[in-house]
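Worksheet for the structure shown next.
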Amino acid sequence: MAVSNEHYRIILLGKCGSGKSSTGNSLLGEDNFQTASGVGGVTMELQRSVAVQKERKEGQRRTIEVTDTPGFSETKATTQEMVTTVVKSATVYRPEFITFVYVMKFNGYTRHDFLMYKRFLETFGPDMIRYTITLFTGGDYLKRKNHRDELERLMGQDFFQLSSNYIVFDNTASPTDKKNQTYRLLDKIKDVQAVNSKKPFTFDILERTDEYLRKAIKRKVSEVDKDEKEKKPKKAKTDVGKAVKVEVI
């Protein structure tokens, strides 16, 4: 019997203390990422972990790759910080399909959380929202309440600016419930893949940077050529390997 393999590549993003690492452990079914209670984050650098698991159907396996990123600082988060974190984590997977999971904490949610989430989407352009799932931790606080009603009550009008792809996680749930949560998230990831025809997200910001570098190099080379033509050497001498310095501000 042929074995069917499904591969999921997930990058966890969010503010310090949002529960990213606990979410990663729930997805992997293993405690691979260090966690700590409280508002401070413990992830200081990119961490990547892979788990190969048997699927629910016989003859199927799934591979889940999770990258846990350093949390955005509530007081020091800048656009550059976001760009560096996201691009660095995504580069590992290029050109494979990636799903970004932006984690926010239900209990302790503030307006600043949404503004940081909004900045994240705006930084990478309008297409980013199609590749992003919003995940709220703290599902244990909701118990049997209607998640949508509670989120709308908590966030007000901000709720309607979220991606329609959102899910609530309880990282204190039983192993069985954690598996069911993972299945629901993977189903949402499949939806994300389908909506995007499995075409990976492209970083316009990187393409703009590459274009800037190409223009800068071309400009510098032209300047060197011009200088060489204006020179009138007394001796017939050819300079080989003229150095071209490119400064990017």
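Each value in this text was obtained by applying a stated rule to the coordinates, not by laboratory testing. Bear in mind the structure is a predicted one, so any value in this text is a computation, not a measurement.
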> So who's got an amide H within less than 5 Å of the one on residue 137, skipping anything under 5 residues away but keeping other chains? H placed 1.01 Å off N, in plane.
Replying inline: 104, 105, 106, 169
> Gap in Å between the Cα centre of region 177-198 and the Cα centre of region 121-140?
Replying inline: 14 Å
> Please state the equivalent ellipsoid semi-axes for region 76-157: what are the square roots of 5 times the Cα gyration tensor eigenvalues, largest first, in whole Å?
Replying inline: 26, 15, 11
